[in-house]
1. Report the full-extension gain for the segment Gln94 to Arg226: residue separation times 0.36 nm, less the Cα-Cα distance, to one decimal in nm.
2. Just Leu88, Leu273, Leu208 to compare: in a GNM of the chain, with alpha carbon springs under 10 Å, which one fluctuates most?
3. Compute a Gaussian network model of the chain, connecting alpha carbons closer than 10 Å, and tell me which residue from Leu252, Leu70, Leu133 fluctuates the most.
4. For the pair Ser159 and Ala275, how long in nm is the line joining their label points, each one 7 Å along Cα→Cβ?
5. In whole percent, how big is the carbon plus sulfur part of the accessible area of the chain, probe 1.4 Å, protein atoms only?
6. For Arg176 and Ala264, what is the calculated FRET efficiency with R₀ set at 51 Å and r taken between the beta-carbons, to the nearest 0.05?
7. Could you tell me the distance between the Cα centroids of segment 196-232 and segment 32-109, to the nearest Å?
8. Using helices alone, what [θ] at 222 nm do you get for the chain, with -39,500 (n - 2.57) per DSSP H run of 4 or more residues, divided over all residues and rounded to the nearest 500?
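The values are calculated or read from the model by the stated rules, or taken from the named source; none is laboratory data. Values in this document were obtained by computation on a predicted structure and should not be read as measured data. Because the Cβ atoms are built from the backbone with ideal geometry, glycine has one as well, and the counts that use them run over all protein chains shown. Areas reflect the complete protein model, heavy atoms only, side chains present, ligands, DNA and RNA absent. Shrake-Rupley method; radii C 1.70, N 1.55, O 1.52, S 1.80 Å.
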Amino acid sequence: MTQSPARCVRLGGLGLALTLGVALAQPAVQRQTVRAGSANVAVTSVRFPAGRYDLSVALAGPRVASNAPLAQIAARSGATCAINGTFLAAYAGQSGEPYGTLVVGGRVLHLGTVGTRLDVLQDGRVRFARDGLRIRGTLDGSGASPNNWYAYNVNQTPSNANYAYLYTPDYGPRLRFVPDVAVIVRNGVVERAVRGEAAQIPADGFVLALAGSEVRQLAGRFTPGRRADYRVEEADGTPLGARFSLGAGPLLVRDGSVVADPSAEGFRQDKILTARGARSAVGFTAAGDLLLVTFPGATIREEAQAMRALGAVNAMNLDGGASSGLVCGGRAVVPGGRQIANALVVRSRR
């Protein structure tokens with residue numbers, strides 16, 4: 001990341017690009033009441049001056065579905081401050097897996113299907129983008145039929161009878177279910193395809209798990225010895241260039257205007273559409289300052305209005321409810337009510 005002051009270098013659609021960098025003393029946490037439309041909304045916020053910090057995403061543990069308290073994630077990652085990340089399957093009997101897009105250190109761990117994501121690009125710039133990534137695979141270097149292949153998601157436990165999902169070592173050492181066919185790829189080469197087996201996931205490769213109609217569509221293409229590769233693409237076919245990515249949403253503020261429209265981004269639950277509840281958000285000011293903000297009770301619309309009142313010209317909602325929390329300097333400023341799978345973390349650079 002650069003050490004120069006942050007500047008907006010790309011704005012368009014849902015894009016925001018700016019730079020982050022070098023160290024500063026511990027930022028101050030501020031508690032205040034902000035006018036949001038006709039409501040007064042309580043907020044807890046921390047502001048990081050442009051060019052003073054690195055922004056990234058941290059996991060709760062060694063696996064994509066590992067869960068831990070936010071304070072533990074912050075300590076484990078050496079964060080100056082941390083705020084809760086993407087939505088997750090957090091209720092009793094659920095997997096603990098994330099719902100939103102998750103990229104850590106360039107490794108794509110999961111893809112979201114609704115909402116907005118925050119990308120930290122390889123060159124250090126940051127942007128908000130509408131989610132909708134896809135996986136495109138090749139065989140022997142060719143993406144033309146019949147050498148092309150696809151998967152619908154990464155490291156997601158299946159919930160239906162027809163699926164084509166990828167599993168990387170971040171999922172665990174082996175599948176935790178039995179697909180119809182598991183294609184094992186080691187070091188970029190198809191090793192074998194097995195039936196009715198919870199296959200091991202190679203440390204230097206991946207497994208493509210297939211079931212139902214996807215077996216007929218894809219299994220026969222993966223002959224042992226063929227080279228197999230894939231990439232994650234934007235909707236326009238360009239490769240995802242993110243070093244870190246966190247999907248949540250909806251987008252709250254764009255170019256200084258309140259744009260919160262959760263139903264247009266695919267959200268269907270009342271707790272996002274209309275309800276008032278605990279919320280968390282990330283945003284950037286016109287000068288490029290980073291804002292991490294929590295709300296003990298707000299609607300999405302009120303949250304968006306409050307973020308704009310705090311000076312955010314671009315902002316996104318994060319997971320909320322019992323997940324909402326903020327840790328700074330090793331102290332739980334806003335204690336979360338449950339363990340979570342990942343967090344947005346900020347580190348001072350020395």
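1. Here the answer is 43.9 nm.
2. Leu273
3. So, out of Leu252, Leu70, Leu133, the one fluctuating most is Leu133.
4. 1.6
5. With neighbouring chains kept in place, the figure for the chain is 48 percent.
6. 0.90
7. 32
8. One gets -2000 deg cm²/dmol as the mean residue ellipticity at 222 nm.
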